[in-house]
Amino acid sequence: MPFSIRCIDCGLITSYHPNDLTCPNCKSQWREAIYNYDTIAKQLPDALNSRTFDLWRYHELLPIHKSIPSLRMGEGGTPLIRAVNLGLMLGCNNIFIKDERQGPSASFKDRQAAVTIAALKEAGITEMVAASTGNVAISYSAFAARAGIKLWAFVTSLVPAVKMREIALYGSQVIKVTGSYDQVKKIAAEFAEQRGLYHDMGARTITSVEGMKTIAYEIAEQLTEEFGPPTDGSRWQTPTWYIQAISGGLGPIGVSKGFHEMQQMGLIKNIPAIAAIQADGCAPMVHAWKQNQEEASAVVNPKTHIETLATGTPGRAYPLLRKEFKAHQGLFESVTDEEAFRAMHVLAKMEGVSAEPASAAAFAGLFKLVRAGIIKPNDIVVVNCTGHTMPAEPLVLGSGWARNVVLPKEDENNAETTPKEGEGLLAALSRVAPDRFPRVAIADDTPDARRLIRRILQSQGEYTIFEASNGREALELVNREHPDLLILDLMMPEMDGFAVLDALKNNPDTMHIPVIVSTAKELTKDEKDLLQGQIQALMQKGDFMSDEFLEEVKSLIR
Ligand SMILES: *Cc1c(COP(=O)(O)O)cnc(C)c1O
Ligand SMILES: [Zn+2]
């Protein structure tokens with residue numbers, strides 16, 4: 001038998017059929033797939049060398065007898081991208097983005113759908129029911145379409161309309177329910193029971209957990225490629241942290257199973273700490289964790305705009321994750337919708353990665369944990385960028401993100417007349433006046449430092465930015481442009497920051513321009529005295545992501 005199912009409550013081992021939803025002995029719905037780990041451990045690492053980089057490369061660790069090539073769409077095998085700019089901003093050297101946007105339907109739900117639909121196909125099942133906050137239904141719909149399986153997708157009326165239309169586009173039946181996600185799950189379950197249909201059970205679905213665990217295997221292989229094999233006798237590297245935004249918690253349940261299997265097989269040494277991030281307005285697990293409770297009470301009316309994260313009743317997922325997090329230094333944390341939206345801008349503007357708000361919540365969590373000193377500068381951090389299905393909801397951009405150009409109407413009766421001077425496209429474009437954004441001058445002799453400050457500011461709002469690469473240039477720049485704020489490095493060639501400051505403060509035209517001094521080194525008492533009363537703030541380099549710096553900038557240019 002290549003795999004079996006073990007009940008996590010009574011330990012009973014059975015064979016697998018997708019329609020058996022409970023343990024025949026104790027009726028538990030929490031069961032997991034187990035494999036012949038000893039045999040697999042011996043041959044897997046070498047066998048992998050010749051396999052394609054998608055999730056089926058771990059097929060002997062998946063509960064499918066024979067994978068079905070015609071169902072595949074390149075699921076899994078997503079890139080692990082080093083986040084160089086975020087790393088510089090946060091003062092962390094090893095931040096990686098596991099880019100799950102690059103799955104076939106643009107979210108990590110593709111892993112769960114690929115493995116589950118393959119199991120259903122293998123078992124001859126032709127119709128299924130799933131409740132969803134959007135992405136599960138999209139992924140299932142895509143794979144169900146390939147497999148010829150009919151999907152009934154139950155969604156809450158809060159799921160963005162574009163997501164609902166995408167579900168329908170794949171040919172699934174969308175059932176829009178006005179109610180919370182937890183109510184939708186109940187209705188979907190009843191519907192499935194009445195009709196005797198297969199029903200997705202979220203984190204209790206064996207194949208879904210198995211699909212998600214492949215993220216862990218890929219991360220271990222990819223980090224090994226990045227850093228080389230570990231020196232502790234094991235085969236693969238592991239991160240210090242795995243960070244993910246969670247709703248029902250399926251992702252971390254699968255990922256931690258993956259790491260534990262690898263450890264059992266001697267492929268890795270350490271189990272990473274998992275940081276599970278919820279939205280403040282729907283954070284039942286975070287509340288329970290912070291109060292050290294064994295069970296999480298339900299959030300009946302989730303108050304978050306991030307519908308994907310709006311699971312109010314975590315059920316058994318919470319105690320399971322809690323046990324895992326206690327054993328391996330993991331944690332639950334929450335972020336506000338605003339923090340998630342801000343992180344979304346930062347991620348797009350600094351790393352070129354446009355993710356949906358739910359994914360951005362994980363990055364907001366990262367920022368929070370770094371600031372709190374919980375994530376350390378040398379920790380290896382992998383953040384799951386879970387999806388990209390709905391990148392720019394109106395809410396996220398606010399108004400004014402596009403400039404409108406209205407062209408003068410063409411005269412239909414007289415199309416040949418040449419446009420009069422001052423009309424047409426160029427004239428219309430010239431009326432798109434540049435907005436008056438706050439003007440910030442950055443004086444620093446290191447181009448990287450200037451670029452970093454520029455990026456950070458631009459990721460947080462609209463600024464017109466000027467740069468100078470030495471003291472003399474800085475002085476000329478400030479005299480010419482009269483910026484609203486000067487960010488000044490102290491150690492610069494030709495004329496240092498102290499001299500620039502002196503000159504500015506002795507000129508009535510420039511003496512009122514606020515100055516933030518940035519410095520790489522600890523200042524002496526004399527130096528600090530020199531700056532006293534002359535500047536608005538003193539920043540240590542590496543502190544630029546602190547709220548303090550951004551608040552300071554905003555307050556000075558108001
Ligand atoms: C489902 C989903 C989550 C939450 O994942 P769980 O592990 O099921 O809690 C986060 N982000 C995106 C984009 C999702 O689709
Ligand atoms: Zn049992």
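Descriptive notes on the structure:
- Size of electric dipole in the stretch 133-263: Cβ of Lys, Arg +1 and of Asp, Glu -1, about Cα centre, debye, nearest 20: 660 debye
- Volume in Å³ per residue [convex hull over Cα atoms, computed for the stretch 257-387]: 120 Å³
- Order by protection proxy (mean Cβ within 10 Å, highest first), peptides 447-453, 482-488: 482-488, 447-453
- In the stretch 41-137, taking the dipole from charged Cβ atoms about the Cα centre, the farthest positive-side position among Thr133, Met89, Ala123 is held by Met89.
- Label point distance in nm, Asn292-Ala327, each placed 7 Å from Cα along Cα→Cβ: 2.1 nm
- Value of relative contact order over the chain, rounded to a whole percent, pairs C-alpha under 8 Å and six or more apart: 12 percent
- Only Cα pairs under 8 Å and 6+ residues apart enter the sum, and on that basis the relative contact order of the stretch 439-557 stands at 24 percent.
- The chain: Cys lacking any partner C-beta under 4.7 angstrom: Cys92, Cys282, Cys385
- The chain, helix-only ellipticity at 222 nm - DSSP H runs n ≥ 4, -39,500 (n - 2.57), divided by all residues, nearest 500: -12000 deg cm²/dmol
- Residues in the stretch 3-20 carry Karplus couplings, in order, of 8, 9, 10, 10, 6, 6, 9, 10, x, 4, 10, 10, 8, 10, 9, x, 7, 7 Hz; the curve used is 6.51 cos²θ - 1.76 cosθ + 1.60 with θ = phi - 60°, and Gly or Pro positions show x.
- Mean-position separation - Cα centroids, the stretch 504-531 and the stretch 327-352, in angstrom: 34 Å
- Separation of the Asp9 and Lys554 label points, Cα + 7 Å toward Cβ, nm: 4.9 nm
- Set of lysines near Lys121 by C-alpha distance (under 28 Å), chain-local residues within fewer than 8 positions excluded: Lys27, Lys66, Lys109, Lys150, Lys163, Lys176, Lys185, Lys186, Lys213, Lys257
- Here the extension length gained between Glu476 and His59 equals 143.6 nm, from 0.36 nm per residue of separation less the Cα-Cα distance.
- Ratio Rg/Rh [Cα only; Rh per Kirkwood] for the stretch 57-115: 1.14
- Spin-label pair Asp547-Ala520: with each label point 7 Å from Cα along the Cα-Cβ axis, the two points sit 3.0 nm from one another.
- Intensity falloff of the stretch 439-557 expressed as log10 I(q)/I(0), Debye formula with alpha-carbon point scatterers, at q = 0.17 Å⁻¹: -0.77
- For a straight C-alpha distance cut-off of 26 angstrom, the lysines reachable from Lys541 (same-chain residues fewer than eight places away being disregarded) are Lys349, Lys368, Lys376, Lys505, Lys521, Lys525, Lys528, Lys554.
- Residues of the stretch 453-474 with amide N under 17 Å of the 7 Å Cα→Cβ point at Ala348: 455-463
- Our Cα-only numbers for the chain put the radius of gyration and Dmax at 27.5, 87 Å.
Laboratory data are not the source of any read-out in this text; all were calculated from the coordinates shown. Bear in mind the structure is a predicted one, so any value in this text is a computation, not a measurement. Glycine gets a Cβ as well: all are built from the backbone with ideal geometry, and neighbour counts include every protein chain shown.
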